[in-house]
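S.K.: Have a look at this one.
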Amino acid sequence: MHPCLKIYDVVAEVLHYLSNGVDEMSETVQGAGHVIRMAQTCSTLYEPCMNVLWRRLFDLHPIVKCLPDEMWYESDNVVHLRREPTPEESSRMLAAANRVKVIRKAYNRHAITRVSGPTIRLLRAFCDRNGHTDRGRSFLSNLHDFCWDGEVYSLDALSNISFLLPHRLQTLELSTSPHYTKSHLAIARNAYAAFLERCPGLRELIVHSMLARAEQLCIDVFGRAAGAFSVDSENPCQQTFHINVPAEEDVLERLVHFQHIQHASLGMHPKVAEKSLKSVEAHSLLPLLKTLMVFRAKISVCNLIFDSLASRSLTSILLEDISSSITGVQFRQLCQKLSFHADLRRVEVTKKNTMTVQMTQLRSQNAAYSVHSSSIRPLLTLQHLTEVILKPSTVTIDLTDKDIDAMSLAWPHLRTLTVTSDLYMQQKPGVTLGGLFPLGRRCLKLERLDLAVDMVVPSKELRDEMQKIMDAVDADPTGPEAQRQSRLTKFNIAYGSPLDEDNDDKIAVFLRDLFPCLKAKGFGLVPMCDHGQSELTRQWRKFKWTYGIFCEPLKRRDNRDSVWPSPGAWTGLGNS
């Protein structure tokens with residue numbers, strides 16, 4: 001064996017490369033075969049290889065199968081223990097359990113092999129009898145991330161699994177089953193309390209439910225966690241909390257106790273009353289909060305939540321699936337509240353649920369569903385923004401070239417800019433192709449752009465300026481102009497208005513020179529019109545094909561005419 005493989009850091013890098021095919025969302029581990037063969041080469045490599053193979057599991061059944069074959073059997077993808085193991089029989093099982101650091105459900109959770117409830121009960125009895133439930137001697141002593149899926153496991157297993165976990169567990173995810181009855185929820189409530197009592201060192205707690213009657217269960221867990229991780233507790237180290245419950249008054253009041261939370265995710269009930277939030281004291285919640293995610297909330301409720309926050313150091317905000325009843329005043333209020341967080345790097349406002357075509361067409365003709373660009377101007381004070389994603393879907397944000405120019409000045413570190421909607425266009429966008437020139441010249445780190453753009457030929461002055469820049473790049477490929485080229489690789493244009501087909505070659509050349517890293521595969525089209533407008537779709541598909549012709553031979557700028565297709569090449573394009 002080569003001497004360098006006796007250095008653990010070198011072996012760790014090799015194993016990381018070999019196990020790079022591990023797909024954490026599937027049940028199969030693509031890189032396991034390479035690691036297994038490496039473990040069989042010599043005793044020096046055996047231990048680090050086994051640590052990699054056992055690091056992540058989807059269930060406890062591989063640990064149970066380390067026992068002698070006569071002690072267990074498998075039926076219908078469920079592993080059963082015949083009896084409680086003895087200390088002599090369990091040495092191999094304990095060695096494997098000590099290597100496990102993550103137990104999380106597989107993506108295809110219904111196809112995965114799992115252990116039965118009685119098996120977990122026997123494992124708990126074994127641990128109680130042999131002292132493996134004590135602090136420092138836990139059955140899964142090195143586990144730091146555990147996910148409990150209520151849809152897969154029985155309540156019998158839920159009542160016993162917490163005694164197998166270590167006291168220093170850092171991440172705990174709990175979920176309920178939609179088949180739970182009221183009696184089941186009572187058992188789950190006591191079991192969840194045992195989880196929190198067993199693991200005082202939690203840094204991340206995720207609680208979510210798929211049924212309405214489990215809301216009180218989540219609230220009870222929320223309250224117990226507030227007491228366990230309050231500022232007066234012995235180990236106030238929790239930093240992340242995700243909970244999917246109705247944002248009622250008592251829930252938000254309990255947030256006051258979470259003084260150390262840095263990352264929070266709150267699922268809101270769509271029908272929550274605003275009056276239940278107004279009683280929460282202003283600037284009293286989560287003073288150390290850095291990232292906040294709010295789901296299924298009205299925009300007015302989001303504004304009240306920001307009024308209650310004590311933190312002024314947020315770096316990331318996600319408001320997902322917000323209510324459709326958004327007005328320009330509410331949106332401006334939201335942006336004003338966000339502008340107080342000077343360290344913000346990411347702002348995302350989205351709505352997942354789209355409307356029907358008929359309702360979308362109806363609302364797009366109403367001025368009440370159009371938000372003026374002045375509503376987002378408070379965000380221009382946030383100079384550290386790198387991601388701005390505004391997709392409220394049921395309203396349109398009217399931008400102009402002046403707004404894009406102001407954004408390029410205010411956000412020089414921008415990497416993602418998305419301003420779109422699901423509403424059909426009734427008029428041409430206010431942003432033109434020439435209006436993107438400041439983004440290409442100032443926001444050099446911009447990698448993704450989603451925007452509605454009126455693709456008209458830029459002015460002759462702007463095209464001449466662009467040509468001078470490209471001539472300077474051709475003259476000195478390593479010069480200052482070459483260093484200032486945009487890195488944009490993904491551009492999705494939302495279209496709903498006609499295209500100037502007579503000048504699409506000039507448009508394609510200007511777009512190619514402005515964003516030299518944008519290839520044909522990174523150029524996308526998002527229709528914002530009725531699917532019956534085949535002529536409009538044909539125009540834009542033709543332009544995309546034209547752009548593909550121009551952007552590929554970047555190194556042959558002097559032979560542009562030689563790669564331009566003949567007029568007959570467009571035959572049948574509209575049917576593609």
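The values are calculated or read from the model by the stated rules, or taken from the named source; none is laboratory data. Since we're looking at a predicted model, the values are computed, not measured. No Cβ is skipped: glycine too gets one built from the backbone with ideal geometry, and neighbour counts run over all protein chains shown. Protein only, heavy atoms only, side chains kept; ligands, DNA and RNA dropped before computing areas. Shrake-Rupley method; radii C 1.70, N 1.55, O 1.52, S 1.80 Å.
S.K.: Taking the highest mean first, how do the peptides 129-136, 35-42, 96-103 order by number of other beta carbon atoms within 10 angstrom per residue? All intermediate terms of the calculation are to be shown ahead of the outcome.
M.R.: Numbers: 129-136: 13.1, 35-42: 14.9, 96-103: 19.1.
Taking the mean over residues of other Cβ atoms within 10 Å, the ranking is 96-103, 35-42, 129-136.
S.K.: For a Förster distance of 25 Å, can you work out the FRET efficiency between the beta-carbons of Ala482 and Gln383, rounded to the nearest 0.05?
M.R.: Values: r = 26 Å, r/R0 = 1.05.
That pair, Ala482 with Gln383, gives E of 0.45.
S.K.: I'd like the GluC sites (Glu not before Pro) in the stretch 43-148 restricted to DSSP loop residues with at most 13 other Cβ atoms within 10 Å, sorted by number. It would help to have the intermediate numbers written out before the result.
M.R.: Numbers: sites: Glu70, Glu74, Glu88, Glu89; in loops: Glu88, Glu89.
Filter output for the stretch 43-148: Glu88.
S.K.: Please compute, over every Cα-Cα pair in the stretch 471-544, the percentage with a separation greater than 19 angstrom. Let's see the in-between values first.
M.R.: Working: 1228 of 2701 pairs.
It works out to 45 percent of all Cα pairs.
S.K.: Explain nothing, just compute: Karplus ³J(HN,Hα) = 6.51 cos²θ - 1.76 cosθ + 1.60, θ = phi - 60°, for every residue of the stretch 448-459 in order, whole Hz, x for Gly and Pro.
M.R.: These are the phi-based 3J(HN,Hα) values: 9, 9, 10, 7, 8, 10, 8, 7, 9, 5, x, 4 Hz.
S.K.: For a Förster distance of 35 Å, can you work out the FRET efficiency between the beta-carbons of Arg55 and Ala282, rounded to the nearest 0.05?
M.R.: Numbers: r = 45 Å, r/R0 = 1.30.
Efficiency for this residue pair is about 0.15.
S.K.: If you don't mind, there's one more thing I want to ask. For Ala186 and His2, what is the calculated FRET efficiency with R₀ set at 56 Å and r taken between the beta-carbons, to the nearest 0.05?
M.R.: On the way: r = 61 Å, r/R0 = 1.08.
After rounding, the FRET efficiency stands at 0.40.
S.K.: For the stretch 399-549, list log₁₀ I(q)/I(0) at each q in 0.15, 0.16, 0.18 Å⁻¹, using the Debye formula over Cα point scatterers of equal strength and ignoring solvent, two decimals each.
M.R.: Values returned for q = 0.15, 0.16, 0.18 Å⁻¹ are -0.76, -0.87, -1.11.
S.K.: Also, I was wondering about something else. Note the full-extension length gain between Ser459 and Asp502 as 0.36 nm times their separation in residues minus their Cα-Cα distance, in nm to one decimal.
M.R.: Details: separation 43, 0.36 × 43 = 15.48 nm, distance 1.55 nm.
So the extension gain works out to 13.9 nm.
S.K.: Under the rule of at least 5 residues apart or a separate chain, name every residue whose amide H is placed under 5 Å from the amide H of Asp450.
M.R.: Leu417, Thr418, Val419, Asn492
S.K.: List every residue whose amide H lies under 5 Å from the amide H of Phe340, counting only residues 5 or more places away in sequence or on a different chain, with H placed 1.01 Å from N in the peptide plane.
M.R.: Amide H to amide H, under 5 Å and 5 or more residues apart or across chains, Phe340 pairs with nothing.
S.K.: Rounded to the nearest 20 debye, what is the charge dipole size of the stretch 408-524 about its Cα centre when +1 sits on each Lys and Arg Cβ and -1 on each Asp and Glu Cβ?
M.R.: Working: 16 positive and 17 negative charges, 122 e Å.
Charge dipole of the stretch 408-524: 580 debye, to the nearest 20.
S.K.: Over 25 Å between Cα atoms: which of Lys290/Lys351; Lys519/Lys542; Lys468/Lys542; Lys65/Lys101; Lys445/Lys521 fall into that group?
M.R.: Details: Lys290/Lys351 22 Å; Lys519/Lys542 16 Å; Lys468/Lys542 28 Å; Lys65/Lys101 18 Å; Lys445/Lys521 19 Å.
Long pairs (Cα-Cα over 25 Å): Lys468/Lys542.
S.K.: In whole Å, what are the extents of the stretch 44-166 along the principal axes defined by its C-alpha atoms, from largest to smallest?
M.R.: 39, 32, 29
S.K.: Continuing with the same structure: Starting from the amide H of Val526, placed 1.01 Å from N in the peptide plane, find each other amide H under 5 Å away whose residue is 5 or more places distant or on another chain.
M.R.: Ile493, Ala494, Tyr495
S.K.: Which percent of the accessible area of the stretch 371-525 is formed by carbon and sulfur heavy atoms (probe 1.4 angstrom)?
M.R.: Working: 3070 of 6290 Å².
The computed percentage sits at 49.
S.K.: Please compute the length gained on full extension between Ala410 and Glu151, using 0.36 nm multiplied by the number of residues separating them and subtracting their Cα-Cα distance.
M.R.: On the way: separation 259, 0.36 × 259 = 93.24 nm, distance 4.78 nm.
Length gained, Ala410 through Glu151: 88.5 nm.
S.K.: Full extension from Ala32 to Lys428: what is 0.36 nm times the residue separation minus their Cα-Cα distance, to one decimal in nm?
M.R.: So the extension gain works out to 137.1 nm.
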